[in-house]
Amino acid sequence: MQRKTLLISPELCIGCRGCQTACKAWNRLPATKTANKGSFENPPDLTPYVYNKIRYVEAPSEANPVRWLFISQRCMHCEDAGCMKICPAPGALFRTKEGAVAFNKDKCIGCKLCIAGCPFNIPRYDEKDKISKCHLCPDRIAGGLEPACAKTCPTGAIAFGDRSAIIAGARNAGYRKLYGEADLGGLGVLYAFKESPEFYGMNEKPAIPESIVFWHNVLKPLALIGLGGAVAGSVLHYLAIGPKRDGEGGEK
Amino acid sequence: MTTMIKKTSAFERANHWIMAVSFLVLAVTGAGFLYRLEGLNSIFGSFQNMKTVHNYAGIVFSVSLVLSLFSYLGEALRFDADDFIWLLTLGGYLSKKAKLPPQGRLNAGQKSFYLFLIIAGTAISATGYIIWLVPTLREWILISHLTHNISFVLLLMAIPIHIYLGTLANPGTFRIMVYGTVPVEWARKKHAKWVRSMEAGQ
Ligand code: SF4
Ligand code: SF4
Ligand code: SF4
């Protein structure tokens, strides 16, 4: 199957937060009580039961004293996913046919290492310490439907489709480059930004922490090489030089 | 009858094997996490159980490590001129003709190994507790995860060598961690200073 992608266009978003509600409804996520902090941003952060949220950025300028930006956020379904790289439990995080990063709570051991691996601060944990995040509605996609958030969006700020078609469409609409096109091997959620990513509160160059890349590429093989080398060295020493017999190599 | 001399206390031997078994359990389960060895499910049932075993074996290992300090730390920190010569001679392991300076109860190699064990063991234990207990402190976890794994690589190299040196490479050594005693004459060849001080103390 073609890799599927969400395309987020903050300039189209009116901040209705229908996507948040639709996600909760489809994924049967309970409501949580929040306090109004005087901002459109509510709930203020992702939680185990909030898979997506609108980040609200106010950017007033001389020309446009009322510039409100709404940026829909969720797991980016990275091609090179730091969460999957560091996760020690096979099957806890897995790649779906459509290229999303989904999870299996039965396999998750609650170690929370995926927090360290994720460049976007996405994984959250339920009360049983099991991972919780957007999974790109694999059950809907399998049934030929769009994800709930994209389906419900009234303005087209969240579009869903084949990755190549989505990128081609954005090119036609005049976007030379989408946020996430090339980052981390290509993100599964792209953003049509008109300004720099920082302006929308996004990291310009998201990356898996270097220590995790080093661990994965160097330490993991090195552990085996080291163990093998130590055992082989011992055997070799035994054969070539041999054990210390009584009197040999004794003290002067 | 050969006269024997006691080289390790019952406490030291018990603690040695507690540490050895807990290390083995930690290494196997740790490798299970590192390489996602699903085959281990036939032993532990699930990765969730394996995590519990790993964490509690970690407590046993770290307590055992602390207890070992009372047995060896003082001695391991005292390196004298003979010890340095011993190290420069590579413990006589690479040449049958090498003559070694007299050693105390622990030879310089054993002292070095113990100091290494304390450093790597403390690093791997402390970072293990951090990963276990405060998993949401991202910066701490990144450095701990790295340190935990570097220590693992080092221990994975050092322990087989330790096993080799304590068994095949030095016939007569293994019984020190089983019965605790060695023949005096054997000890005189390998730990002359210690035997002398024991005899002087008698
Ligand atoms: S955004 Fe984070 S949680 Fe989502 S796939 Fe990427 S690394 Fe994993
Ligand atoms: S918390 Fe679960 S999903 Fe995250 S790294 Fe640990 S086992 Fe994997
Ligand atoms: S794709 Fe599905 S799970 Fe993810 S945010 Fe949208 S509705 Fe929620």
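Bear in mind that the values in this text are calculations on the coordinates, not laboratory data. Keep in mind that what you see is a predicted model, and the values were worked out from it rather than measured. Glycine also receives a Cβ, built like all others from the backbone with ideal geometry; neighbour counts cover every protein chain displayed.
Here are some residues: A:191, A:175, A:238, A:179. Which one is aromatic (Phe, Trp, Tyr) and touching a residue at least 24 places away in the same chain (Cβ under 8 Å)?
Unique residue meeting the criteria: A:191.
Would you mention how many residues in the range B:137-159 are within 7 Å of another protein chain (Cβ to nearest Cβ), surrounded by fewer than 20 Cβ atoms within 10 Å (Cβ to Cβ) and touching a residue at least 60 places away in the same chain (Cβ under 8 Å)?
Total satisfying the criteria: 0.
Among the residues of the range A:122-129, is there at least one that is farther than 17 Å from residue A:23 by Cα, in contact with a Gly (Cβ under 6 Å, 6 or more places away or on another chain) and surrounded by fewer than 20 Cβ atoms within 10 Å (Cβ to Cβ)?
Yes, the range A:122-129 contains a residue that is farther than 17 Å from residue A:23 by Cα, in contact with a Gly (Cβ under 6 Å, 6 or more places away or on another chain) and surrounded by fewer than 20 Cβ atoms within 10 Å (Cβ to Cβ).
Of a type outside the set (A, V, I, L, M, F, W, C), crowded, with 18+ Cβ neighbours inside 10 Å, within 15 Å of ligand 2 (Cβ to nearest atom) and within 12 Å of chain B (Cβ to nearest Cβ): is that true of residue A:48 in this structure?
No: the conditions fail for residue A:48.
Pick from A:91, A:144, A:99: which is away from ligand 2 (no atom under 14 Å from the Cβ), assigned to a loop (DSSP other than H, G, I, E, B) and surrounded by fewer than 17 Cβ atoms within 10 Å (Cβ to Cβ)?
Matching residue, one of A:91, A:144, A:99: A:144.
Say whether the condition of being among the small types (Gly, Ala, Ser) and in contact (Cβ under 8 Å) with a residue 60 or more places away in the chain is met by at least one residue in the range B:74-83.
no
Where residues in the range A:125-142 are under 16 Å from the mean Cα position of the chain (by Cα) and within 9 Å of ligand 3 (Cβ to nearest atom), which of them is farthest from residue A:50 (Cα to Cα)?
Of everything passing the filter in the range A:125-142, A:138 is farthest from residue A:50 (Cα to Cα).
Please determine, by comparing only the residues of the range A:64-88 that are in contact (Cβ under 8 Å) with a residue 40 or more places away in the chain and near ligand 2 (Cβ under 9 Å from one of its atoms), which one is nearest to residue B:28 (Cα to Cα).
A:86
Quick one: which of A:125, A:175 is farther than 22 Å from residue A:80 by Cβ and either within 11 Å of ligand 1 (Cβ to nearest atom) or within 14 Å of another protein chain (Cβ to nearest Cβ) (or both)? Working first, answer last.
On the way: A:175 fails: either within 11 Å of ligand 1 (Cβ to nearest atom) or within 14 Å of another protein chain (Cβ to nearest Cβ) (or both).
Unique residue meeting the criteria: A:125.
Could you list, ordered by first residue, the pairs with Cβ atoms under 8 Å in which the first is in the range A:116-139 and of a type in the set (Lys, Arg) and the second is more than 13 Å from ligand 2 (Cβ to nearest atom) and in a loop (DSSP other than H, G, I, E, B), at least 6 apart or interchain?
Hits for this filter: A:124/A:46; A:133/A:46; A:133/A:51; A:133/A:74.
From the list A:116, A:89, A:100, which residue is more than 24 Å from residue A:199 (Cα to Cα), hydrophobic (A, V, I, L, M, F, W, C) and within 14 Å of ligand 3 (Cβ to nearest atom)?
A:100
Since residue B:152 meets every condition but one in (1) closer than 26 Å to residue A:131 by Cβ; (2) more than 16 Å from the chain's Cα centre (by Cα), which condition does it not meet?
Every listed condition holds for residue B:152 apart from (2).
From the list A:139, A:106, which residue is assigned to a loop (DSSP other than H, G, I, E, B) and either more than 16 Å from ligand 1 (Cβ to nearest atom) or in contact with a His (Cβ under 9 Å, 6 or more places away or on another chain) (or both)?
Working: A:139 fails: assigned to a loop (DSSP other than H, G, I, E, B).
Just one listed residue meets the conditions, A:106.
Looking at this structure, is residue B:176 away from ligand 2 (no atom under 16 Å from the Cβ) and surrounded by fewer than 17 Cβ atoms within 10 Å (Cβ to Cβ)?
No; evaluated as a whole, the condition is false for this residue.
Of everything in the range B:106-140 that's aromatic (Phe, Trp, Tyr) and under 15 Å from residue B:77 (Cβ atoms), which residue is nearest to ligand 1 (Cβ to nearest atom)?
Checked the range B:106-140; the qualifying residue nearest to ligand 1 (Cβ to nearest atom) is B:116.
Scan the range A:21-59 for residues that are in contact with a strand residue (DSSP E or B) (Cβ under 7 Å, 6 or more places away or on another chain) and β-branched (Val, Ile, Thr) and report the count.
4
Among what's in the range B:160-202 and is aromatic (Phe, Trp, Tyr) and in contact with a helix residue (DSSP H, G or I) (Cβ under 8 Å, 6 or more places away or on another chain), pick the residue that is nearest to the other protein chains (Cβ to nearest Cβ).
The extreme case among them is B:164.
Return the only residue of A:78, A:114 being more than 8 Å from chain B (Cβ to nearest Cβ), buried (at least 20 other Cβ atoms within 10 Å of the Cβ) and assigned to a helix (DSSP H, G or I).
Step by step, each of A:78, A:114 is checked, and only A:114 is more than 8 Å from chain B (Cβ to nearest Cβ), buried (at least 20 other Cβ atoms within 10 Å of the Cβ) and assigned to a helix (DSSP H, G or I).
Filter the range A:1-59 down to the residues that are farther than 18 Å from residue A:75 by Cα, touching a helix residue (DSSP H, G or I) at 6+ places or on another chain (Cβ under 7 Å) and part of a strand (DSSP E or B) and list them by number.
A:57
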